[in-house]
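Trainee: Sharing a structure, written as structure tokens. Questions coming.
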Number of protein chains: 2
Amino acid sequence: MRGVAGIVGGGVIGGAWAARFSLMGWDVRLYDPDPEAERKMAAVLANARHALPMLYDVALPAPGAITHVATVAEAVSGADWIQESAPERLDLKLKLLREIEAAAGAETPIGSSTSGFKPSELQEGAAHPGRILVAHPFNPVYLIPVVELVGGDGPTLARAEDILRGIGMRPLRIRKEIDAHVADRFLEAVWREALWLVKDGIATTEEIDDVIRYGFGLRWAQMGLFETYRIAGGEAGMRHFLAQFGPALKWPWTKLMDVPELTDELAGMIADQSDAQSGHLSIRELERLRDGNLVAILRALKARGAAAGALLNAHEATLRRAPAEGPPMETGRRIVPVDWTDYNGHMNESRYGQVYSDAGDVVMAHVGADAAYIASGLSYFTVETQVKFLAETKAGEAIRVTSRVLEGAGKKLRLFHEMRREADDALLSTCDQMLIHVSLETRRSCPPSAEVLARVEALAAAHGAKP
Amino acid sequence: MRGVAGIVGGGVIGGAWAARFSLMGWDVRLYDPDPEAERKMAAVLANARHALPMLYDVALPAPGAITHVATVAEAVSGADWIQESAPERLDLKLKLLREIEAAAGAETPIGSSTSGFKPSELQEGAAHPGRILVAHPFNPVYLIPVVELVGGDGPTLARAEDILRGIGMRPLRIRKEIDAHVADRFLEAVWREALWLVKDGIATTEEIDDVIRYGFGLRWAQMGLFETYRIAGGEAGMRHFLAQFGPALKWPWTKLMDVPELTDELAGMIADQSDAQSGHLSIRELERLRDGNLVAILRALKARGAAAGALLNAHEATLRRAPAEGPPMETGRRIVPVDWTDYNGHMNESRYGQVYSDAGDVVMAHVGADAAYIASGLSYFTVETQVKFLAETKAGEAIRVTSRVLEGAGKKLRLFHEMRREADDALLSTCDQMLIHVSLETRRSCPPSAEVLARVEALAAAHGAKP
């Protein structure tokens, strides 16, 4: 479903919520009393517009409008989803929630981005407390999929899950409300330990970051904590691992029994070390680096169908549309992702091959040589391609691929693809692709099924020769 | 440098050390009294041999031999690096370290994989305490690059860093010894918190893993903790972020002031949840999934030149060799990585393009159109490729590419590449690649420098026509 999102509070988090909803085709009405709100929203949206579409190998829906409005009521009345991301002050949040309730539809979920308050605190004095829930996201909201859901009645939670999945997120119901929900408890525990390590001169901020990103951060991006330890336990299993690990819990390994005083001196030490580590880059530059890295990691997991990449594949499947028969058939519309460019600053030649391989897959699926057909032991293999590179294209540019079936007879299938830039319709490249139908058992050529052959022949007759 | 590694203790950690050294061309002598040691080592080596070479876009050196020996002395005498990975019992480790010292060269670094003991504890009674240091790695040692170095005198640490960098790792000196070094303090803090969350029924093991891998795990794989928070602080900077975060440290967010009792009941609850989450997969299958995901994430970071990927690029540069002039020139030797295969189970056609693009780069660098030349504003762009796909190749197979300069005159450079499988020398594919010399300023064709042109012409004269 797509609809209208009412966003109350448009800072780093609220603005990124607005960007994600808009880029997934929702209209957004944004309320933020900050006179700088429009400028800040534009900066977040620029980052989001650059990065989010790169996660998908298909075009996203046309983006919805983001309208800045002057009152809470304008933002939320008639909205299908409401998200409050005001500063972490309970009195302020309660005041806004009462204003939201007064103007919102009675069954509209009202999510709060709070990390510090429990839903029972937010629901105090509400007319319909069950529709108020914590929907706690992670920065950058337009790339990180998980959202912790806490509180809310059954119907509200079900609606919330539907809506959040629809914009590509991974809603996760927390079973009981506790302070800080789940993820922030880990982050808080790690943060306290990190403060001790810096304070005691054991490691600098940069060394701590390196221990994480060259170490367990790589593990956690794909398996998390328990599955990683399950493997560490080996064949003897999780019980064995726990038995080994048990005594260590009593060791004086962490200083977390105690909280370090965040004196000016300690704060200064951390800020100085952080400047030495990252001060040569502006926050905008760091954001771009972070987003590019996240896109590349998420796309790597997507190619594997693993962890957050499995989620992307499932969401992408909902965005794919069957192509019209043409000629020519539209067999691809997408953004050039940041991991496709090379040292010349343009899309690497091998990725043209990727685009055409994907376009060929669309034609195959269209004639019935789809996943089920391949699972039955039959497929088409490419035997030759001839690619002409006519103009460059860069990361972030929208491209469109159209395809014609030039020949379709017996085991042969010959396609001709054209790739154009959306912005000016410039022809970037062409590809002449010859495929042969094969048995996946013998790995040798064989005739296609009668149905597939009939559809291939019909397309060839309709499409004819190269343009 | 390459040399001989003496590995004492060949379990999950010691075996993976042996595998990494061997795959980087070191000879390994392994001592482990476990009668199952050879079988276990073979299993670890199979995983490592499959995964580690996929991280590199060049062939690794020929692997060194792994020899199982019957005594500590045989393992360590004459070794250039010694690594102890015995079970975590101080009396056992001290006994082994004394045996190692008696047989090892006086200046050979002796690393211990211990997570539980400090170097001062391991050095007790040593003849040369300064050469004993903690070298604490992370599972799987053949893929995760970081190694915490603690203790050891200056020359030992410098040698250790050289050797560990040489096998592709990221040694990180910890400034003072403390219990559990650095990374395990974080892991311990998170683990305790996770136990509380499961015990109190807030989230299951799977939900906790999902919060991490769909959430902050993605951030930590590329930036770690402090740089992530630096961005969260926005333009106001790290001091502002700390000022905001400060009060939260006093909130009762974590239960870590207290340690949960790891009763049989809690251990059973965790083991049951872990079985429900991952029990449909064997540990071997989980290891393969983990390794494939890590390879894909690391390769994604490598393409970005970011975090652990920057390390891989730097290490790979040390492994590249200039090609002989031929004909034909050898322009590629590598393993097909796991992220290059598609639903047909073989290398996707677009990756053939990658192989040829890389081979073209090798020829370009050879004629002087290298990184410095490109930085000066000149390069060759591919304008047309014709690829023939003759046979399939699968992830893990070793391939070799040879290239000929068919034409080299004026702005034109025409290459012909052949890709063969190493195992049987089967011709897998060919590529006819036409390039045009361009100015990166005007993005239009222009003549190459006289030096580059002369080398291109000489190669074309020597290489002649297609084979």
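Trainee: By count of other Cβ within 10 Å, fewest leading, how are A:Lys302, B:Lys388 ordered?
Mentor: B:Lys388, A:Lys302
Trainee: Any idea what the B:Gly305 label distances to the other copies are, label 7 Å down the Cα→Cβ vector, nm, shortest first?
Mentor: Values, ascending and in nm: 3.5.
Trainee: What 222 nm value per residue comes from the helices of chain A, counting each DSSP H run with n ≥ 4 as -39,500 (n - 2.57) and dividing by all residues, nearest 500 deg cm²/dmol?
Mentor: Mean residue ellipticity, 222 nm, calculated: -12500 deg cm²/dmol.
Trainee: Any idea which of B:Ala59, B:Ser77, A:Val44 is furthest toward the positive side of the dipole for the protein assembly as shown, if Lys and Arg beta-carbons carry +1 and Asp and Glu beta-carbons -1?
Mentor: My answer, from the dipole projection, is B:Ala59.
Trainee: Name the residue farthest towards the positive end of the dipole of chain B from the options B:Thr430, B:Ala106, B:Tyr214, assuming +1 on Cβ of Lys and Arg, -1 on Cβ of Asp and Glu, about the Cα centre.
Mentor: Of the listed residues, the answer is B:Thr430.
Trainee: Between copies, how far apart are the B:Glu124 label points? List them in nm, one decimal, shortest first, with each point 7 Å from Cα toward Cβ, please?
Mentor: Reported distances to equivalent positions: 5.5 nm.
Trainee: Based only on other Cβ atoms within 10 Å, what is the fewest-to-most ordering of A:Cys446, B:Cys431?
Mentor: A:Cys446, B:Cys431
Trainee: For chain A, what number of Lys pairs, 8 or more residues apart or on separate chains, have alpha-carbon atoms under 24 Å from each other?
Mentor: 13
Trainee: Another question, if that's okay. At A:Ala462, label 7 Å along Cα→Cβ: distances to the other copies, nm, ascending?
Mentor: 5.5
Trainee: Follow-up question, since we're still on this one. Given R₀ = 51 Å, FRET efficiency for B:Arg443-A:Ala372 by Cβ-Cβ distance, to 0.05? Kindly include the intermediate steps, with their values, before the conclusion.
Mentor: Details: r = 45 Å, r/R0 = 0.88.
According to the calculation, E is roughly 0.70.
Trainee: To the nearest 10 degrees, how steeply does helix A:154-166 sit against the main Cα axis of chain A, on a 0 to 90 scale?
Mentor: With both axes taken from Cα atoms, the answer is about 50 degrees.
Readers should treat all values here as calculations from the given coordinates under stated rules, not as data from a laboratory. No experiment lies behind these values; they were computed from the predicted model shown. Virtual Cβ from ideal backbone geometry, glycine too; neighbours counted across all protein chains shown.
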